[in-house]
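This report concerns only the one structure given below.
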Amino acid sequence: MRLPPLPPIPSLLVAMLSIQGGAAFAKSLFPVLGPAGTTGLRVTLAAGLLGLAFRPRLRELPSAAWRAILPYGAALGLMNLSFYLSLTRLPLGLAVTLEFVGPLVLALLLSRRVRDLGWVALAALGIILIAPRGGVGEGSLDPLGVALALTAGAFWALYILAGGAVGRRVPGVTGVVAGMTVAAAVTLPFGLVQAGTGLLAPGALLVGLAVALLSSALPYSLEMAALRALPARVFGVLMSLEPAIAALSGLLFLGERLTPGQWLAMGCVMVASAGVTLGGAQKVAVPEPMN
């Protein structure tokens, strides 16, 4: 008996839970494979899963399509690599909050509304609250970890822009699968350098497969179902919950606790993101980063 599909809002919430649960699960591989090894394994397995699920005819794509897909896939791969590197130095919730700055800044740059300056100020306050201030006390953050998470956000913004070009030139899910394949080609060499033959260990492959399912295959399918039914603004506002879901995943699966100031900073970025979406500044679609 076939189960009925989830309604769109629960589908999107489950997709976000799946992605952040997958990121927490991936962090458990770091002691064995390192962040680069985990990235290479996860992205490569995700590309394989998506290829098996959708069976795109990549060889039939014209060169013009590949010119759009290559920067899209490279941005996707480098986004995942820099994000996983940031997780070695930051709690999951704060890494996702800082990563969110990329698409938020992109949306604000594409806006011409003066009132959106208020959302800029609120997001900036969140970053100031998170920013390292020196010292090693409670709530202090690693500067390199912050820089890596912001770099992941910059690649997320590039991924969104490049994804728009791919969507115009490549029909259906073919562009997504092709982009993930390029991302695998970008990240796998880093993984091989760091983890070597450890990537082929049965235990690592099993956990990597679970992470690939949680972080790519399952949420992508759920997100596509939600996008067909939800207005863009509702989708964008719900996406603003991602940092909080990441923080809860970090708490439940990794035992990562945030200070009240860090929760406040996260709230500033989330409210700014929702405000940008509701205010009409969002000019581009903001897909899940598939971290």
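Residues considered: Leu78, Leu90. Of these, the only one that is crowded, with 18+ Cβ neighbours inside 10 Å, under 13 Å from the mean Cα position of the chain (by Cα) and under 24 Å from Gln194 (Cα atoms) is Leu78. Output yes when any residue across the range 153-164 is in a loop (DSSP other than H, G, I, E, B) and surrounded by fewer than 20 Cβ atoms within 10 Å (Cβ to Cβ), and no when none is. No, that holds for no residue.
Consider Ser240 carefully, then state whether it is within 17 Å of Pro10 (Cα to Cα) and of a type in the set (Ser, Thr, Tyr). Answer is yes for this residue.
Is it true that Leu90 is in a loop (DSSP other than H, G, I, E, B), at pLDDT 85 or above and not acidic (Asp, Glu)? I'd like the intermediate steps shown before the answer.
On the way: in a loop (DSSP other than H, G, I, E, B): yes; at pLDDT 85 or above: yes; not acidic (Asp, Glu): yes.
Criteria met by Leu90.
Pairing each residue of the range 29-55 that is over 11 Å from Leu81 (Cβ atoms) and touching a residue at least 40 places away in the same chain (Cβ under 8 Å) with any residue that is buried (at least 24 other Cβ atoms within 10 Å of the Cβ) and aromatic (Phe, Trp, Tyr), provided the two are 6+ apart or on different chains, yields no C-beta distance under 6 Å. Would you mind stating whether Ser82 is among the hydroxyl-bearing types (Ser, Thr, Tyr) and modelled with pLDDT under 95? For Ser82, the condition - among the hydroxyl-bearing types (Ser, Thr, Tyr) and modelled with pLDDT under 95 - is not met. Within the set Pro31, Pro35, Pro71, Pro62, the sole residue that is within 20 Å of the chain's Cα centre (by Cα) and surrounded by fewer than 22 Cβ atoms within 10 Å (Cβ to Cβ) turns out to be Pro71.
Give me the residue from the range 51-87 that is assigned to a loop (DSSP other than H, G, I, E, B) and charged (D, E, K, R) and, out of that set, farthest from Ala246 (Cα to Cα).
Arg57
The values are calculated or read from the model by the stated rules, or taken from the named source; none is laboratory data. Keep in mind the model is a prediction, meaning the values are calculated, not measured. Every residue, glycine among them, receives a Cβ derived from its backbone with ideal geometry; neighbour counts consider all protein chains shown.
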